[in-house]
Amino acid sequence: MKLGRLNHVGVAVPSMQDAMAYYRDVLGAEVITQPFDMPEQGVKVAFVNTPGQDGTAGTQIELIEPLGADSPIASFIAKNPAGGQHHLCYEVADIEAARAWFEGQGKRILGPTRIGAHGTPIFFLHPKDMLGQLTEIMETPREQH
Ligand code: CO
């Protein structure tokens, strides 16, 4: 398997509105989506863009706010009340091949391959198998580059 670029860094936030204002007003970043709910995942999500100076695609920040009391993000925010870095997401060309690659190394995959916030297939790898980083692997169609 050949790893692609870093697609986004997931950041858990206690308040989506405060986080969007921070990225827009303090960092001067571009908030490229309005927040949207992903009820199956128990999260509200919005994306911030960090474009390349030459107009090339940048790396995104995925803002993640807990949605509902049993959100998987709620316990993260309880431990990190100001929010914090939650996961890293890397692109691959073929999600099935990537899954087989990591399974072949005995890495624990958290749940089934599913459709992620970008509308493409993703899966997550256990942080204890990945140098402490919750790691998202995302299939990215070529036309998105
Ligand atoms: Co993500």
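The values are calculated or read from the model by the stated rules, or taken from the named source; none is laboratory data. Since we're looking at a predicted model, the values are computed, not measured. Here Cβ is always computed from backbone atoms with ideal geometry, including for glycine, and neighbour counts include all displayed protein chains.
Selection within segment 106-119: residues that are within 15 Å of Cys89 (Cβ to Cβ) and assigned to a loop (DSSP other than H, G, I, E, B). The member of this set that is farthest from the chain's Cα centre (by Cα) is Gly119. Every condition in (1) at pLDDT below 95; (2) in contact with a helix residue (DSSP H, G or I) (Cβ under 9 Å, 6 or more places away or on another chain); (3) loosely packed, with under 12 Cβ neighbours inside 10 Å is met by Gln105 except one, and the failing one is (1). Reported count of residues in segment 44-65, each being without any contact (Cβ under 8 Å) to a residue 40 or more places away in the chain and either crowded, with 16+ Cβ neighbours inside 10 Å or in a strand (DSSP E or B) (or both), is 6.
Which ones in segment 127-143 are more than 15 Å from the ligand (Cβ to nearest atom) and either over 25 Å from Ile32 (Cα atoms) or touching a Gly at 6+ places or on another chain (Cβ under 9 Å) (or both)?
So in segment 127-143, the residues more than 15 Å from the ligand (Cβ to nearest atom) come out as 128-129, 131-132, 141-143.
Lys128, Asp129, Leu131, Gly132, listed by residue number.
For segment 120-138, the count of residues that are modelled with pLDDT of 95 or more, in contact with a His (Cβ under 9 Å, 6 or more places away or on another chain) and either part of a loop (DSSP other than H, G, I, E, B) or surrounded by fewer than 14 Cβ atoms within 10 Å (Cβ to Cβ) (or both) is at least one.
Does segment 115-122 include one or more residues that are within 16 Å of the ligand (Cβ to nearest atom) and under 15 Å from Val11 (Cα atoms)? Within segment 115-122, one or more residues are within 16 Å of the ligand (Cβ to nearest atom) and under 15 Å from Val11 (Cα atoms).
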